[in-house]
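K.L.:
Input: one structure, supplied below.
The values are calculated or read from the model by the stated rules, or taken from the named source; none is laboratory data. Quantities reported herein were computed from a predicted structural model and do not represent experimental measurements. Cβ atoms come from the backbone with ideal geometry, glycine included; neighbour counts cover every protein chain shown. Surface accessibility is based on the protein's heavy atoms, side chains included, excluding ligands, DNA and RNA. Shrake-Rupley method; radii C 1.70, N 1.55, O 1.52, S 1.80 Å.
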Amino acid sequence: MRDAALADHAFLVGFEEEHLEKLGACVAAQSMWRPGESILLRGGVADVCHLLVEGTVAIEIRSPGTAPQIIQTLQGGDVLGWSWLFEPHLWTFDARAVSDTSAITLDAALLRSAIEDDPVFGAQLLKRMTKAIVNRLKATRLQVLDVYNH
Amino acid sequence: MDLTYVVAMGSERSLVVRPPKLNSLVELLTSHGYSVVGPILRDGVVVLDFIEKFDEALIGVESAPRPGEYRLEEHKGAVFGGPVGPMSMKRWINPPNRIAWSARPEGDQVHVDTPKPRGPRAYLGIRPCDVAARTIFGEVWPGHPDDLVIVAECTSVGETCFCSSMGTGPAAGEGADIVLTEFGEGSVLVRSRSDRGAVLLARMNGAAATEDEIESARSRVAAAAESMVRSIDSEAAREALASMPDSAVWDSVAQRCLACANCTMVCPTCFCTSINDTADLDGVVQRTIRWDSCFTPGFSEIHGGVHRDSVAARYRHWASHKLSTWWDQFGTAGCVGCGRCITWCPVGIDITEEANRIIKEVAHA
Amino acid sequence: MSTTIERLAATWTRVAATRRETADTVTLTIESDQPFRPGQFDMLTALGVGECPVSHSGHPRIAGVHEHTIRRVGAVTNALTAIKPGDTVGIRGPYGRGWPMEDLVGSDIVVIAGGIGLAPLRPVILALESDPGSYGRAALLVGARTPEDIQFTSDLDRWNASSAMDVFVTVDRADETWVGSVGVVTRLLDPAAINPESIALLCGPEIMMRFAATDLLALGLDPDRIYVSLERNMECGIGLCGHCQLGPMFVCWQGPVVPWSVAADLMRVPEL
């Protein structure tokens, strides 16, 4: 099944037709969230992966006695959630919609078995995941430097 | 360097004088409105200061500079103290601590006083490397336009000298009005090198120089050039230092360098300063300009930290500036080969040795 | 001809107004007729405390006044940010090379500002705002530490509302009350959809400019059309004191604005 929204998603630029079809088979839902709505909760089962289409999502962490701190915001074109890739498949941060947000939601269990079944598809998908993770890590390192505080 | 003197043509004169006669030169300069700065012997060191007469204590002694060491030694025939001591004209052109202005609030106005400009000076008995340095230093801190320079060519060289390779000595180059050359037995050949110099010399008494005397002076300067042991290939250094910011040489220097800033203080071209405002209890504010050094940690400080923190980076900056980036900035080297930075370094770090190591590294790369 | 030392003399002039931008940042409006180019700086003196370089942050074509935006980071900036309207400051300048204003004409422009780095870019944006027809599409990407640290918020709102430019703002840290973006300023490049033919003007912490320039190169921008404003210890502003040297460059008069094609090598060597 080919999904036009999938083919247009920035995360999947250059993805081969046959792989798009495999990924299409993993689509669980088209999701929508209103501002303030929770998307992921730390400790919850990571059974989905969201490809954000529109809107802004805040990745947050809470600690007792302080307001939740936003670590990073994601927007349309970004991938939200990678805890589904590795055991124990539990979310490590909270995610909340800041504005009206839509996403293509993929089923994590189907994704994992598709990766195992077809190593070429797996490599293509994981390359994109890795790039997204590396970019996110680079950005986080810069944030940690607190460059504006000097 | 081959210099041809035009002798006794037109208004130019060449004379031979002996030290007592040098006083008549000092007097002549004074009577023409110059304050005279020249070499004197103080605390066993040849330094520069204002003089009213020639310091006869200098006769027969001279500076003997070695890496990390300075001694005064006897030297027959010496008149102007031999190779350079620690002071150059720099401290007279731009003194170590100098007031730019003082100001005090007057209502909602600010009343500003600026220091009176000084009159012209004559610098007497200055070595050729320092005359070259004056021109280089003058790119940033020009002296008084009417200052007069009386250079004393070098007929003996110190262990730390390398002016020959930098093209600044031991013979007098550009930038002098009168040239003096010691040529034995305390005799000094005096020649004019500019119109102003010629005008002055016309009023000076002395025996006219013979061809032999002029030749004797020339050969002594040439022999001094031959006896110089240190050198830098200036062109090669310019290229090499620009291309080797990662060289291990910098770290090896840093293991010995104390970052004491002596090299930059004695260097006749190092021009860096810091600008400081101070206020006294009466509300009078002074802006002072003080010599600074790229070896101090605060030199490269911006809010949030020190840009050039390691001693290796500070030495690299200094040596690269002298021999390489100075060319980019001013079209010349920033080093004249006076050797002071080697002599007055407490641990005898030798810029010629370090530059040559880098040049070799590049050649073998 | 003035002597070297006379070039350090300040002109004493009145501060017409002050405006607090953030908790630690103040804009002074100073009476002065001296023309300047966006990106240039003046040396400002607080009498009895000292002198420091401060970029022009005001409109380059409004005669009679200068604006200088100062962040409190030390003794001199403490004194300057405490100045009241009617007080006197010492001023000399303008110094340095500014932004390539002539080259901006007819070109798409991406402006990337981090923290107080928006101040030296503000004259450019004000000039663009006054004459939108002369320039292509402009994108302004602003990074700040927290929402409270964002400078010139009323300007940003006005610019955002104008059709002449797109404004994107992000902060490094925020709590849940912030509805904008959180993350480094380079993350704004994707949503801003930068044209590779653009001229980019960058000002902010050096690390930020380095990362931003790298990302702009990856987007296809020409290294000669990416400009950064460098910061080094500038005590005199006129190439005398030697403190601001960066390799062969005196940042005070050969900078502070230089193309990335020049800056890249100078930034590559640590502690140059």
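K.L.:
Say we look at the range A:36-62 and pick out the residues that are within 12 Å of chain C (Cβ to nearest Cβ) and part of a loop (DSSP other than H, G, I, E, B); which of these is most open to solvent (accessible area, probe 1.4 Å)?
P.N.:
The qualifying residue most open to solvent (accessible area, probe 1.4 Å) is A:62.
K.L.:
So, one more: Which of the residues that make up the range C:18-34 are within 30 Å of residue B:114 (Cα to Cα) and either of a type in the set (Gly, Ala, Ser) or at pLDDT below 95 (or both)?
P.N.:
The answer is C:31, C:32, C:33, C:34.
K.L.:
Could I ask something else about it? Which residue, of C:133, C:106, C:143, C:93, is part of a strand (DSSP E or B) and away from every other protein chain (no Cβ under 11 Å)?
P.N.:
Of C:133, C:106, C:143, C:93, the one residue that is part of a strand (DSSP E or B) and away from every other protein chain (no Cβ under 11 Å) is C:93.
K.L.:
Name every residue in the range C:1-48 that is more than 14 Å from every other protein chain (Cβ to nearest Cβ), touching a residue at least 60 places away in the same chain (Cβ under 8 Å) and among the small types (Gly, Ala, Ser), in order of residue number.
P.N.:
Answer for the range C:1-48, where residues must be more than 14 Å from every other protein chain (Cβ to nearest Cβ), touching a residue at least 60 places away in the same chain (Cβ under 8 Å) and among the small types (Gly, Ala, Ser): C:17, C:39.
K.L.:
Can you give me the number of residues within the range B:313-322 that are more than 17 Å from residue C:243 (Cβ to Cβ) and facing another protein chain (nearest Cβ under 8 Å)?
P.N.:
Residues in the range B:313-322 being more than 17 Å from residue C:243 (Cβ to Cβ) and facing another protein chain (nearest Cβ under 8 Å): 0 in total.
K.L.:
Here is a further query. Somewhere in the range C:193-212, is a residue in contact with a Ser or Thr (Cβ under 6 Å, 6 or more places away or on another chain) and away from every other protein chain (no Cβ under 14 Å)?
P.N.:
Yes, some residue in the range C:193-212 is in contact with a Ser or Thr (Cβ under 6 Å, 6 or more places away or on another chain) and away from every other protein chain (no Cβ under 14 Å).
K.L.:
What residue, among those in the range B:28-54 that are of a type outside the set (Val, Ile, Thr) and surrounded by 20 or more Cβ atoms within 10 Å (Cβ to Cβ), is modelled with the lowest pLDDT?
P.N.:
Among those that are of a type outside the set (Val, Ile, Thr) and surrounded by 20 or more Cβ atoms within 10 Å (Cβ to Cβ), it is B:54.
K.L.:
Considering only strands (runs of 3 or more DSSP E) fully contained in the range C:1-84, which possess at least 3 residues that are among the charged types (D, E, K, R) and in contact with a strand residue (DSSP E or B) (Cβ under 6 Å, 6 or more places away or on another chain)?
P.N.:
C:11-22
K.L.:
For the range B:174-185, name all the residues that are surrounded by fewer than 18 Cβ atoms within 10 Å (Cβ to Cβ) and in contact (Cβ under 8 Å) with a residue 60 or more places away in the chain.
P.N.:
B:184, B:185
K.L.:
Looking only at the range A:127-150, which residues are without any contact (Cβ under 8 Å) to a residue 24 or more places away in the chain and open to solvent by 40 Å² or more (accessible area, probe 1.4 Å)?
P.N.:
A:127, A:130, A:131, A:134, A:135, A:137, A:138, A:141, A:144, A:145, A:149, A:150
K.L.:
Sticking with this one: If a residue must be charged (D, E, K, R), more than 21 Å from residue C:20 (Cβ to Cβ) and not in a loop (DSSP other than H, G, I, E, B), how many such residues does the range C:146-177 contain?
P.N.:
Total meeting the criteria: 2.
K.L.:
If a residue must be open to solvent by 60 Å² or more (accessible area, probe 1.4 Å), under 26 Å from residue C:267 (Cα atoms) and hydroxyl-bearing (Ser, Thr, Tyr), how many such residues does the range B:272-309 contain?
P.N.:
The total comes to 0.
K.L.:
Specify which of the listed residues (A:94, A:118) is charged (D, E, K, R), in contact with a strand residue (DSSP E or B) (Cβ under 7 Å, 6 or more places away or on another chain) and either within 30 Å of residue C:193 (Cβ to Cβ) or surrounded by 13 or more Cβ atoms within 10 Å (Cβ to Cβ) (or both).
P.N.:
Among A:94, A:118, only A:94 is charged (D, E, K, R), in contact with a strand residue (DSSP E or B) (Cβ under 7 Å, 6 or more places away or on another chain) and either within 30 Å of residue C:193 (Cβ to Cβ) or surrounded by 13 or more Cβ atoms within 10 Å (Cβ to Cβ) (or both).
K.L.:
Restricting attention to the range C:213-250, report how many residues are in a helix (DSSP H, G or I), touching an Asp or Glu at 6+ places or on another chain (Cβ under 9 Å) and either surrounded by 24 or more Cβ atoms within 10 Å (Cβ to Cβ) or among the hydroxyl-bearing types (Ser, Thr, Tyr) (or both).
P.N.:
Adding up the residues that qualify gives 0.
K.L.:
Collect the residues in the range B:257-279 that are touching a Cys at 6+ places or on another chain (Cβ under 7 Å) and either at the interface with chain C (Cβ under 8 Å from one of its Cβ atoms) or basic (Lys, Arg) (or both), keeping them in residue-number order.
P.N.:
Matches in the range B:257-279: B:272, B:273, B:274, B:275.
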